[in-house]
Amino acid sequence: MEKIELYDVVIVGGGPAGLAVGSELSYNHKVLLADKGEAGKTSRSWFVPLDVVDEKVMPYTYSGVTRFMTQTFGGADVSWKTELFDRYPYINEKTLLPHWREVMKNNGAEVLDQCAYVDSVVNDGIVTVETTRGSFRTRLLIDASGYDSPIIKKYAINRDHDYWWSVFGSIGEHPDGLNGMAVGDYMMWQTFEDTNADVSASMASGRPVFEYEILNENTSFSFAFYLRKERVSREVMEKEYMTIIREEPTTANFHDLKIKELKYGWYPSGALSQQLAEDNVVFIGDAACWTTPCGWGMTFILRNYREFSRQMSKLLVAGQLDKKSLLSVPHYKTHEKYEVLLNTIVTHFLSNAPAPMLDKFINLFNSVPKILCEKIFTLTITREEVHVMLKAMLAQFELMELVRILPKEDYLLVLDEVKYFAEDAVVDKMHEVFGFFHKTKAEPSGMNNGFDFS
Ligand SMILES: Cc1cc2nc3c(=O)[nH]c(=O)nc-3n(C[C@H](O)[C@H](O)[C@H](O)COP(=O)(O)OP(=O)(O)OC[C@H]3O[C@@H](n4cnc5c(N)ncnc54)[C@H](O)[C@@H]3O)c2cc1C
């Protein structure tokens, strides 16, 4: 009987995570990568902070964001040039991913397209992976199959606490020119009128945010994105996006947009990147929520892939592929809770805040050094800077307003930090307000309780 070949590593998923790690591991190990579609072909594109771009990735980046602008429906409008970084480069997905695939091929790895994962069984340290193109035996299975991982489902890994980003947009041409927009602009605004007067309804649904990035003299990437507990369907997103770019007065510059390519997808926003493993199985990329509250998935992949591969290679050589050993492999995380705190607050604001609060939020951004606003999104913020922002926030908002936006767990994060700089009386008041709200949250009448929080 023919003996089935034994691989060191089988990777399921040929997105950025699978290909990045595959390109590294295939230097020293026998690797097979299987993608249900075509490995290296994605409808996504990314901009990332410059500090995550190593010398291997740098040749596959181009231009980038140089100016950030925000605007709320209420009219507040601010813009600032990037100060800390000279630019946020774009990753050219049409060249970087095929390059990683080529590296794997040159290293002797096998990359199989139209090869979907079906099931897997671990027996005596060997994983048998069943796919639509046959069975493969491997010492280590790496799940890089993304947001809808069948392997996460198989192991019943609980993702109830995750939020999801749902994104729909297009690369488009502006036949009539950019109408005042400039190459390198990144604009983010709230698109819809504030229909969320009822706070509980706003917490349940929120609104999409419209963004655009100007790629060159006549091309933009514009999109609507949602942060929700559930994933918004493609149909719903497409309808709303088309209304936004064709009809909204605030998007007049886009009414004549010629759509060249649609881009959409879903990715987890997990609050902290997760380290997940089982015996002989390890999870990377969106499958493990290697991402941030703001969903910088590619950013985390680039931070992780080389060191992760180096450590994984050592374990393969040592034959230590049990769950405990695999979990010991460090990967970049936001180690400090305070690093994710403001990022988390921002995402709640973007999803849940009614327009008048967003105006205040923009005022807040205006009242602190601009560089802090950027740092929130890139997680390079120091504890002292977090405290500057929190102090400004407490000055800008009434406590009850914050309570309405933040879920309890995030309020506790705020409190942890506020304790470092606020007087005891302020901390006690926060406890009182948040405690009261969360106890009475189920009763709408509790909202109008006569408390004076000013
Ligand atoms: C429109 C959009 C814009 C984005 N912009 C940014 C940005 O600017 N900066 C940033 O850092 N991040 C951004 N992200 C997030 C980023 O794209 C993701 O976090 C990243 O792509 C995750 O990579 P991955 O390899 O883990 O998963 P994916 O890119 O989802 O790749 C998974 C791969 O696995 C394959 N697969 C799935 N199921 C199976 C199966 N059963 N069998 C075999 N193969 C399978 C798929 O075909 C796919 O090729 C954006 C996402 C979207 C949708």
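Every number here is computed from the coordinates shown, using simple stated rules; none is lab data. Model, not experiment: these values are computed from the prediction. Here Cβ is always computed from backbone atoms with ideal geometry, including for glycine, and neighbour counts include all displayed protein chains.
For the reader, a short list of remarks on this structure follows.
- Calculated FRET efficiency for the pair GLU432/THR128, C-beta based, R₀ 51 Å, to 0.05: 0.30
- With 30 Å as the limit, the listed pairs LYS263/LYS337; LYS229/LYS360; LYS41/LYS153; LYS229/LYS337; LYS153/LYS337; LYS153/LYS408 have LYS263/LYS337 beyond it between alpha carbons.
- Modelled label positions at ASP119 and TYR420, each set 7 Å beyond Cα in the direction of Cβ, lie 5.1 nm from each other.
- Annotation for the stretch 117-157: trypsin sites (Lys or Arg not before Pro) lying in DSSP loop with at most 16 further Cβ atoms inside 10 Å of their Cβ are ARG133.
- Sequence of THR380, THR299 once ranked by neighbouring C-beta atoms within 10 Å, starting from the fewest: THR380, THR299
- Look at the Cα gyration tensor of the stretch 1-146: its axes a ≥ b ≥ c give a/c of at least 1.5 with a/b over b/c, and that counts as prolate.
- Order of ILE11, ILE376, ILE171 under a 10 Å beta carbon neighbour criterion, fewest first: ILE171, ILE376, ILE11
- Order of PHE283, PHE68 - criterion: other Cβ atoms within 10 Å of each residue's Cβ, fewest first: PHE68, PHE283
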